[in-house]
Amino acid sequence: MSTEQRENLDAILRQSAFPTDIDLNEQRRLLRELLSAQPLPADVTVTAATLGDVPTAEITIDGVEPRHVVLYFHGGVYVLGDAFLSADLASQVGRRTRAKVISVDYRLAPEHPYPAAVDDALAAYEALLQNGTASSDIVFAGESAGGGLAVATLINARDHGLPLPAAAFVMSPYVDLTLAGSTMQTKGEVDPLMSRENLQARVTDYAPGQDTALGLISPIFADLSGLPPLVIQAGSHEVLLDDAVRLAQQAATADVEVTLDITPGVPHVFQAYYPILDEATAALDRAGQLLSTHLAAAEHITA
């Protein structure tokens, strides 16, 4: 694991950071430009589809006969990104679990504030079950806000009496929109991407007039009992580190099987930089092994 790789990545991210005072539509355009410039691996195919009435991106990998489905939730603090822009990272999860990935293109704020994203995520999962996919053949995955949305969808599905997936894998989950985590301050200097200030503006976009401590907005405050195994990864150089740590703590207290995996010296959603960062590939490999184990265990229970 190379110090040089970590330092190079930090420099790249600091150089390409968006000015925080630009218009949201301009931020969306810049993000699209940045992510579309990275070609997908040659063996990955992305197709527009729907689950129920919710648009999705279906991601398949040549040579993988999928036995399982990863229901994936992209990041972007609920206001940026889409299912297609996150296809590269999502495909890496599918590759390691030998699964088809269905990335949910949930509605974004401020045009569609809470609960639009939460409603779309649950509707997509419900449609996947209605289409005949067994819950034991499904895992959830997501990064950043998508990690928070994955956990919120587990809670929502449980409360609606739906069968739950075999496991969930969340990368740098954004699960506390009250922004109360201690690392909001203590990691401000080393985080090249995010700060409490730029997150605060987006909270107002997503949950105007809402109590941000509601469990489906900030799953850190929800009752997590009865959830399937959680695999939580984060880097030590991110203001959201405390979100990951506290989520693991809350899950463990609620008797949920949880694996907390912190990689030192790397930023928010570091897994996305797998082409240039050995730690990213290693973390994805570890998560893939855990998800495959949880899928096999779920299959055994339902057999």
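The values are calculated or read from the model by the stated rules, or taken from the named source; none is laboratory data. Keep in mind that this is a model prediction, so the values were computed, not measured. Cβ: placed from backbone, ideal geometry, glycine included. Neighbour counts: every protein chain shown. In case anyone asks, the SASA skips ligands and DNA or RNA and just uses the protein heavy atoms, side chains included. Shrake-Rupley method; radii C 1.70, N 1.55, O 1.52, S 1.80 Å.
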Positive-end extreme of charge dipole, the chain - chosen from A296, N8, A180 (charges on Cβ):
A296
With an 8 Å Cα cut-off and a minimum separation of 6 or more residues, compute the relative contact order for the range 43-101 in percent.
39 percent
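What fraction of the DSSP beta bridges in the chain is antiparallel, stated in percent and rounded to the nearest 5? Don't jump to the answer; show the numbers that get you there.
Details: 12 of 38 bridges.
Within the chain, antiparallel bridges account for around 30 percent of the total.
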Which order do the peptides 146-155, 30-39, 14-23, 83-92 come out in when sorted by mean C-beta neighbours inside 10 angstrom, highest first?
146-155, 83-92, 30-39, 14-23
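Would you mind calculating the gained length between I301 and R29 on full extension (0.36 nm times residue separation, minus the Cα-Cα distance), in nm to one decimal? Show your work: numbers first, answer last.
Working: separation 272, 0.36 × 272 = 97.92 nm, distance 4.60 nm.
Computed gain between I301 and R29 is 93.3 nm.
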May I ask you to give the solvent-accessible area per residue for the range 57-215, in square angstrom, as obtained with a 1.4 angstrom probe?
32 Å²
Determine the percent antiparallel among the DSSP beta bridges restricted to the range 4-147, to the nearest 5.
50 percent
Whose amide H sits under 5 Å from the amide H of V231, counting only residues 5 or more places off or on another chain, with H placed in the peptide plane?
A168, F169, V170, T259
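Using only the heavy atoms of the protein chains and a 1.4 Å probe, how would H300, H112, H237 rank by accessible area, largest first?
Working: H300 145, H112 80, H237 55 Å².
Ranking H300, H112, H237 by accessible area, largest first, yields H300, H112, H237.
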With +1 at each Lys and Arg Cβ and -1 at each Asp and Glu Cβ, the charge dipole magnitude of the chain around its Cα centre, to the nearest 20 debye, comes out at 280 debye
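For the chain, give the percent of accessible area contributed by carbon and sulfur heavy atoms, probe 1.4 Å, rounded to a whole number.
Working: 6360 of 12320 Å².
C and S fraction of accessible area: 52 percent.
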Before rounding to the nearest 500, sum -39500 (n - 2.57) across all DSSP H runs of length at least 4 in the chain and divide by the residue total; then give [θ] at 222 nm in deg cm²/dmol.
-13000 deg cm²/dmol
Just how much of H160 is accessible, in Å², when a 1.4 Å probe is used and the result is rounded to the nearest 10?
120 Å²
Provide the per-residue ³J(HN,Hα) series for the range 65-77, in order, calculated from phi with Karplus coefficients 6.51, -1.76, 1.60 and θ = phi - 60°, each as a whole number of Hz, with x at glycine and proline positions.
8, x, 9, 10, 10, 9, 8, 10, 10, 6, x, x, 6
Bins of 10 Å from zero: percent of alpha-carbon pairs in the range 175-267:
17, 44, 33, 6
For the chain the mean separation of alpha carbon contacts under 8 Å (6+ apart) over residue count, i.e. relative contact order in percent, is 18 percent
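Please label the shape of the chain as rounded, prolate or oblate, based on the square roots a ≥ b ≥ c of the eigenvalues of the alpha-carbon gyration tensor (a/c under 1.5 means rounded; beyond that, a/b larger than b/c means prolate, else oblate).
rounded
Pull out a ≥ b ≥ c, the square roots of the eigenvalues of the alpha-carbon gyration tensor of the range 4-138, then state rounded if a/c is under 1.5, prolate if not and a/b is larger than b/c, and oblate in the remaining case.
Oblate, since a/c reaches 1.5 and b/c is not below a/b.
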List the residues whose amide H sits under 5 Å from the amide H of V239, counting only those 5 or more places along or on another chain, with H placed 1.01 Å from N in the peptide plane.
M194
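Any chance you could tell me what percent of the C-alpha pair distances in the range 59-130 go past 22 Å? Don't jump to the answer; show the numbers that get you there.
Details: 638 of 2556 pairs.
Pairs farther apart than 22 Å: 25 percent.
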Need one word for the range 3-56: rounded, prolate or oblate. Basis is the Cα gyration tensor (sqrt eigenvalues a ≥ b ≥ c); a/c below 1.5 gives rounded, then a/b vs b/c decides.
oblate
Along the range 173-185, what does the Karplus equation 6.51 cos²θ - 1.76 cosθ + 1.60 (θ = phi - 60°) give for ³J(HN,Hα), rounded to whole Hz, x for Gly and Pro?
x, 9, 10, 10, 7, 7, 6, 8, x, 5, 6, 4, 8
Ignoring ligands and nucleic acids, K187 exposes an accessible area, probe 1.4 Å, in Å² to the nearest 10, of 50 Å²
